[in-house]
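Accompanying notes for the structure given below.
Just so it is clear, none of the values below were taken in a lab; they were calculated from the coordinates. All values derive from a computational prediction rather than experimental measurement. Cβ placement follows ideal geometry from the backbone for every residue including glycine, while neighbour counts extend to all protein chains displayed.
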Amino acid sequence: MKIDKLAERASKVVPSERQLKWQELEFYAFVHFGMNTFTNSEWGMGFDPPELFNPTKLDARQWVSTFKAAGMRAVILTAKHHDGFCLWPSAYTDYSLKYSPWKDGKGDVVKEVADACREYGLKFGFYLSPWDRHDPRYGEGKAYDIFFKNQLAELLTNYGDVFCVWFDGACGEGKKGKKQEYNWVEYFELIRKLQPDAVISIMGPDVRWIGNEAGITRKSEWSVVPYYYSNADLIAAQSQKDAAKPPKNINHTSLDIGSRRAIKNVENLIWYPAEVDVSIRKGWFYRQSEDITVKPLSKLLDIYYSSVGGNAALLLNVPPNKEGLLAERDVDVLTAMGAQLAIDFNENLADDSVMTASSCLDEEHNAQKALSHNSGDYWHSGMYPDKPWLMIDLGDDYDIDKVVLGEHIRTGQQIEKFKLLAEIDGKWKLLHDGTTIGYKKICRFEEERMRYIKLVIEKTRCFATISKFEAY
Ligand code: FUL
């Protein structure tokens, strides 16, 4: 294999420990809840009276237990949306549930959700809108930064472990058309100091917005991309000072952001894995009139298979209603989704099978290691292999319609093109023609009866690894 300098550079980019932990969560809930829930809106102006906030039956345990039943492993709550109304009794504002009739102003939704997450074993994270349409300091520079950091610190210290701080990109005008220049460097520093394991998503350096809100994942989803896809402000101000200026039209929606062509002239590459954020309904906040827009099970499963099964995480928004409960339709479809996924992945037929390979780096990384359940184990092809392959013998014939593959991403993302074949009636039949694998790739195909399955890696950066090989 010809040694390609570009491929070599990309091959060496690896995730941080916090990104590795985050990646394992795979599927988790977004909860848009707040003043907008009570005014039937998506973006509040920031001046709806706190008296309107009164969820008479709020039950965070109902939310979290439903998410768990759906197969989700974490929750991200909108602690504050653009309107500035806080779902916790912040000491730094007069615009919060402290001034609402709910629980006589003594309630704390953030706490109830964080507690429920702990009880059900899900991770907890929050969304805090940097754009605040209520606070008069918005647009005033330093004064606003201090206020924003104080609120961040409250959320980062009073509610236990936080797995994610989610910042969105919306940045509008404040009073008299003033716009805040966010001090991302200081916000990020504070998060690193108070919750070093938390990923900072979207307007942050750890997790990348997929580029749409429709649940669509690219055919080839790369976790190694040009540095400028992560926060440009921070990059310019901080770590990568010498980096060339990012191109003018950085576009998260581009179909190709990680192939050799896409990274060709890019000096710096980063590990920046994708997250798909999509709502179960039309809007991000609950509206009864949108009950009929709840996505059917088939659509949710398609989104799950293309995102979680396409090297991205799935952040599915499920907004509670005015009572403070998830609506029946949402609960029903999420419960059905969890049940279906449990059936789909009921028994891994690749367990206790025999794996062989065209090559391996050494005995410690032999073919059999691709089947191991120890997280440190993986098959390694050896350097610069020529179309390496892995072949599994299931020991008997089984009906199979899914194969799950995963690279050992701790050593980077390498595979660029692969084919999955099965021996059927004495001939190798193509099951799936793929590009990237990354953390997880779920290959789905028409059910066939098979005993031998072969993974042929047609193109890879410098070597290939496989740490997950499952059949269902
Ligand atoms: C966007 C916001 O403006 C929407 O209201 C929503 O919160 C979405 C997840 O992010 O930027």
Protection proxy ranking, peptides 155-161, 200-206, 72-78, average beta carbon neighbours within 10 Å, highest first:
72-78, 200-206, 155-161
Alpha carbon Rg of region 354-471, scaled by the compact-globule rule 2.2 N^0.38 Å:
0.97
Distribution of pairwise C-alpha distances over region 64-168, 5 Å bins, in %:
2, 13, 22, 23, 18, 13, 6, 2, 1
Quick one: grab the alpha carbon gyration tensor of region 1-48, order the square roots of its eigenvalues as a ≥ b ≥ c, and give me rounded if a/c is under 1.5, else prolate or oblate depending on whether a/b is larger than b/c.
prolate
3J(HN,Hα) from dihedral phi, region 387-395, Karplus parametrisation 6.51/-1.76/1.60, rounded to Hz, x for glycine, proline
6, x, 9, 10, 9, 10, 10, 6, x
Could you please report the charge total around Ile303, scoring K, R as +1 and D, E as -1 over all other residues with beta-carbon less than 12 angstrom from its beta-carbon?
-1
Ellipticity estimate at 222 nm from DSSP helix runs (n ≥ 4, -39,500 (n - 2.57)) divided over the chain, nearest 500
-6500 deg cm²/dmol
HN-Hα couplings for region 285-294 via Karplus (6.51, -1.76, 1.60; θ = phi - 60°), in whole Hz with x for Gly/Pro, come out as 9, 6, 9, 4, 4, 9, 4, 6, 8, 4
Farthest positive-ward along the chain dipole, Cα basis, beta-carbon charges - from Val331, Asn346, Asn150:
Asn150
Sort 34-47, 446-459 by the packing proxy (mean of other Cβ within 10 Å over each peptide's residues), most packed first.
34-47, 446-459
Cα gyration tensor, region 5-344 - rounded (a/c under 1.5), prolate or oblate:
oblate
Could you work out the local net charge near Thr56, counting Lys and Arg as +1, Asp and Glu as -1, over the other residues with Cβ closer than 11 Å to its Cβ?
+1
Please state the shape class of region 256-409: rounded when a/c is under 1.5, otherwise prolate if a/b exceeds b/c and oblate if not, all from the C-alpha gyration tensor.
oblate
Where does each of 277-286, 213-222 land if you order them by average Cβ count within 10 Å, highest first?
277-286, 213-222
Whole-Å distance, taken between Cα centres, linking region 416-452 and region 15-40
32
GluC sites (Glu not before Pro), restricted to region 125-209: which are DSSP loop and have at most 16 other Cβ atoms within 10 Å?
Glu140, Glu173, Glu181
